[in-house]
Each structure stands twice: as C-alpha cells, then as structure tokens.
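> Structure in structure tokens, see below.
The values are calculated or read from the model by the stated rules, or taken from the named source; none is laboratory data. Because the structure is a prediction, the values reported are computed rather than measured. Backbone-built Cβ (ideal geometry, glycine too); neighbour counts: all protein chains shown.
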Amino acid sequence: MPELPEVETVARGLQRELAGRRILGITLGKTDFIDNPEALESELPGRTIARVERYGKFLLLRLGVVEGTNTSDGEAALLVHLGMTGMLIPKAVRELQAKHTHVVMLLDDGRELRYIDPRRFGRMAYLAGKVLSGELQRFGADPLEVSLEEFARRIQGRKARIKALLLDQSVLRGVGNIYADESLWKAKIHPARLGGRLKQAEVKALYTALQKILRKAILLRGSSISDFRDAQGLPGEYQQHHRAYGREGKPCFRCKTALRRMMVAGRSSYFCPHCQRAPRLRKRTGELKRRMKRNAKK
C-alpha cells in the first residue's frame, strides 16, 4: 500500500492541480469503500477544495464552505486512503473513464477528479467538526515532524518489537513495510529487537535514517512496486534505491552477506543477518527454574 512518500507525492501533485477548484457535482459507482456515500453526494457539491495535504497514509482534501450558506459543522475534509490499487487523478471530461472508476467529481474548470480502484481496499469519507478532529487524533506523530526526544519516548517506552512500533500508526503515522525495513537496515537494527531495549545511540541512528530515507523517497516520488502512480499517472523511482526491502537472497550492499526474510508483526521483514544482529534470547528465570526443579525430582 502507498506509504508516506507515495501519499506525499500524490498530495503535492493534487495540491498543484486542485487548490481553489470548486466541486460542481459528484457521481458514484460502487460505494463499499465509502463510509457514508450519501454524505458525499449532499456535502461535496458547491464546496471549494481549499488545499490538499497528507496526513499519515491518508490524503486530506480540506474543503471550504458552500457559497451563500451558513454551514456550522466546522472544518470539513474529504479523507481518502488509496488502499493497494487506488488512484485519485484529474482528467478532462472528454477523456474516456478507465475501468473501475468509482467516484467522479465534476470541477469548475471543466475537468473531473476521478477515483479509480480495481480492488477497492481503500477508504473515502466526508468528515467535519469533532468527527474530523477525533479521526485525526487516533494517529501518532508525523515522522518528518517529530523531535528526536519525542521519537525516543515513543520507541523506548514500549515493549513491542521495533518493526511493529514503526508500523503502528498510533506511534508514528505514515511508515509502512518498505520504509521500516529500509530504515532499520540503514541504522543496523534487527527488526525483532524490542523498542524498550534500544540504546540511545541506536534510537538516534534510526531517527536519522528514517527521516533521511523518507525525504529522499519523496524527492524520487516514492516507490512503485506494482500499482502506485502519482497524480499524473507516473510511477515513482525510489524502488531503484532499495537496500533491504524485497531483496531476500541478494548480497547486502555493506557486507555482501545474503539478505534474509522473516515475519515480524505479521509482515515480511528483510534484513542483513550480519549487519543487523538478532536479539539475544533472555532466559526466563521464574517458570524455567521451577520446571528444572520438578524434573530433577522425577
């Protein structure tokens, strides 16, 4: 699924294309990925797209009020998650609609903003006021905005494995499998290490690696592994710079050891067994000693 760099790439492209445009009407196809289809049909027409921004792995189309009304529902936005195969792209009305086009928003400049998604694993929702703020508060800090001190607190204060923490959207919003593996490889940290047992120097190395990799990936318009395309329908280029993700059996760029794959937090994790040392197994003292005593008496 698109992660922070890919969503940021799409958001920047849509911001250039859509900021200030007014939605004249909306046509819906299949709606099983939309929270409340009726809300889109009733609330979007007449609203201006004030700006488009990224929030974690979500796109937020911030909306203005309808001209001539006294809307009192507070700040409003259209929240979009692209899922595995989703695309949000402006097209001229005369262009034929692609298969699996499920949402079409007519704009005041004669174009249409189309949401295309063959698998419909994404999400779309009109949110306003307290509902919008409550939705956004569910997520953790942005990894490009969080301070080192806050990053360390969120990582070292937890007993979960570091890979799981990086993927936990309530800890950091926007990081997914690709950039977690890439950052852990860069920082030489095994994905199964516990966050609470990382040394301060390791936390700083991970913080630096994560921010550096995310920023470089944004410059290269994200990673196109299979389906990702930006707001112009073009693929990203960062997949050409992957050092760990998807490279099982290939030599490590640092030490030439063959990279391995293991499951951590239910996800495939790629790492170097030499550069990223596995955590040592700590003996369980209590129950283990009791079992040894019972066995000795038999």
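> What number of residues within segment 184-205 are surrounded by 17 or more Cβ atoms within 10 Å (Cβ to Cβ) and of a type in the set (G, A, S)?
The qualifying residues number 4.
> Here's a follow-up. List pairs: first in segment 211-237 and under 19 Å from G86 (Cα atoms), second hydroxyl-bearing (S, T, Y) and at pLDDT below 90, Cβ under 7 Å, 6+ apart or cross-chain?
From segment 211-237, the pairs are G222/Y238; S223/Y238; P235/S224; G236/S223; G236/S224.
> Anything in segment 253-282 that is without any contact (Cβ under 8 Å) to a residue 60 or more places away in the chain and part of a loop (DSSP other than H, G, I, E, B)? List them, or say none.
Selection gives F253, R254, C255, K256, T257, L259, G266, P273, H274, R280, L281, R282.
> Let me ask you something else. Within segment 27-66, restricting attention to residues that are among the hydroxyl-bearing types (S, T, Y) and over 24 Å from the mean Cα position of the chain (by Cα), which residue is nearest to G140 (Cα to Cα)?
Only one residue tops the list, namely T48.
> Something else: Being part of a strand (DSSP E or B), of a type in the set (A, V, I, L, M, F, W, C) and in the same structural domain as I49 (by TED's automatic domain parsing) is the requirement here; does V103 meet it?
Yes; evaluated as a whole, the condition is true for this residue.
> Just checking, how many residues over segment 106-117 are outside any strand (DSSP E or B) and within 18 Å of S42 (Cα to Cα)?
Count: 1.
> Does G233 satisfy the condition of being loosely packed, with under 13 Cβ neighbours inside 10 Å, assigned by TED's automatic domain parsing to the domain that holds D168 and at pLDDT below 95?
Yes; evaluated as a whole, the condition is true for this residue.
> Between E8, E67, which is out of contact with any His (no Cβ under 8 Å at 6 or more places or on another chain), acidic (D, E) and surrounded by fewer than 22 Cβ atoms within 10 Å (Cβ to Cβ)?
When all the criteria are applied, what remains is E67.
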